[in-house]
Amino acid sequence: MSMNYEKTARELISRVTDTAKTKKKLSGFCIGNTAKIENNDLYFTPLREIHNMSIAGVIVYSEKQAIDIAREADGKVDYILVDAEKKIPECMSRLGTPANVERAVRETVKKSSLWVYKGNDLAVEALDGLLAYLTKDSLQGIGGKKIAIIGAGNLGCKLAIKLVERGAHIFITRRDAAKIKIIAKAINHIKPAYTIAKVIGMTDNLAACKGADILIGMTAGIPVITAEMIRSLAPGAIVVDGGKGTLYPEAIGAAYKSGIEVYRLDVSAAFEGLISHLFACENLVRKRMGRRVFRGEPIVSGGLMGRKGDIVVDNVHAPSMAYGIADGKGDFIRSLSQKHLARMKSIKVQEK
C-alpha cells in the first residue's frame, strides 16, 4: 500500500466526488492520525453517506503521507477535515518534533474548505453515546454502575471524566502507581462538586474488574483484558473494546460463553454528529453572527457579546425574532421595562 497510496487516494477521492455529484451532496475527505502504529502503512476508511455529504478518509502515520494526500484532495472535494491531535512520533515529522498533521495539511490546502476536529474526542463521544443507549432502559442509566476502564491514557481519562459526571463509579487502571494516583486525584478535583461518584485509580486490572457492570479496554490496541477478568464481571455486564484489540482471544471466548456481547468502538454516529456540528458552526459564524444597527436599534446575534442595551436577535443579517436585551455582561436584562418591550416588538414587527 505504501508505494501506491497516492493512486489509491486519487481513486477514492474520485469515487467520493462522483457519488456526491450523483446524489447532489457536498464532498469531503478526512485525514486522521493515530497512536496505534503497527507499521508505517496508512489505511483508508470507507466512503460514508452523511445527510448532505459524501465523505471518505485516511489514517496516516507521517506528515509526508498527510501532505501527499491533502494535495490529491485539494480542490477536488468541497471540504477537507484534518485531525488536530498530535499522535505521531518525532521520527515521522519533517522537523524532528512531534508530528503536526494539522499544520502540514493547513500549509498544503489552498482550494478546498478546511475543517479541524479532534479524533480522540470523537472516540470518547462515540463510547459515551453507546453506553448511554445501552443503559437507557435502566432506571438510573449509567448512574450508580461500576465501570472499569483498563488504560488511563488520553482516551481513557477523557472517558472517565464523561462517565463519572453521569454518576458512574469509575475504576481506572495504569501500571504506574504514582501516575494513576495523580490522574484519579485530578479527575476527582475537576468533576462537578455535587457529583458523589468518584474515580479510583488502580494498578490491578483484575481487582478493578471484579463486579463491574461495564468493562472498557482503552489501550492502544494492546491486549489487556483476560478471560479471568471477563468471568469476574457482574451478571449481564457490558464489554467494550475501545482500543480495538484490547481483548485476548480467550477473553472474547469467555464473554460469548457467558452470554456477554462484546462491542467494538464504532465512531459512525459520533462522526455524523461532528459533521452536523461543523456545518452548524459554519452557518452560525458566516450567516448569523454579527452586530449592526437595524432601523435605529443596535442588534447582535450568533454568540457575540452584546453591549448593554443591544437587542439580541436570531440573525443579525435578517432579524425575525428578538430574544431579549443584553445586560453587557453576557446575559439578558431580566426585568424589562415597557421601553425595552417596545424595542423588542419593533424587531418582531419588521419580519412581517
Open item on the list: Looking at region 331-347, I want the residues that are assigned by TED's automatic domain parsing to the domain that holds residue 319 and at pLDDT 95 or above and have a partner that is charged (D, E, K, R) and part of a loop (DSSP other than H, G, I, E, B) with Cβ atoms under 6 Å, at least 6 apart or on another chain. Which pairs are those?
Closed with: 333/327
Task: Matching entry among 266, 241, 310 (being in contact (Cβ under 8 Å) with a residue 24 or more places away in the chain, of a type in the set (D, E, K, R) and in contact with a strand residue (DSSP E or B) (Cβ under 6 Å, 6 or more places away or on another chain)) - done: 241
Open item on the list: So in region 201-223, with the set limited to residues that are among the β-branched types (Val, Ile, Thr) and surrounded by fewer than 19 Cβ atoms within 10 Å (Cβ to Cβ), which one is modelled with the lowest pLDDT?
Closed with: 222
TODO: Filter the strands (runs of 3 or more DSSP E) completely within region 252-317 down to those with at least 1 residues that are in contact with a Phe, Trp or Tyr (Cβ under 7 Å, 6 or more places away or on another chain).
DONE: 311-313
Open item on the list: Looking at the structure I just gave you, is residue 191 of a type in the set (Lys, Arg), at pLDDT 95 or above and in contact with an Asp or Glu (Cβ under 7 Å, 6 or more places away or on another chain)?
Closed with: yes
Task: Every residue from region 234-276 that is over 18 Å from residue 132 (Cα atoms), among the polar types (S, T, N, Q) and surrounded by fewer than 15 Cβ atoms within 10 Å (Cβ to Cβ) - done: 276
Open item on the list: With loosely packed, with under 14 Cβ neighbours inside 10 Å, of a type in the set (Lys, Arg) and over 24 Å from the mean Cα position of the chain (by Cα) as the only criterion, which of 175, 231 stands out?
Closed with: 175
Task: residue 279, sole failed condition from (1) closer than 29 Å to residue 151 by Cα; (2) among the aromatic types (Phe, Trp, Tyr); (3) surrounded by 15 or more Cβ atoms within 10 Å (Cβ to Cβ) - done: (1)
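The values are calculated or read from the model by the stated rules, or taken from the named source; none is laboratory data. Quick caveat: nothing in here was measured; it's all calculated off a predicted structure. Cβ: placed from backbone, ideal geometry, glycine included. Neighbour counts: every protein chain shown.
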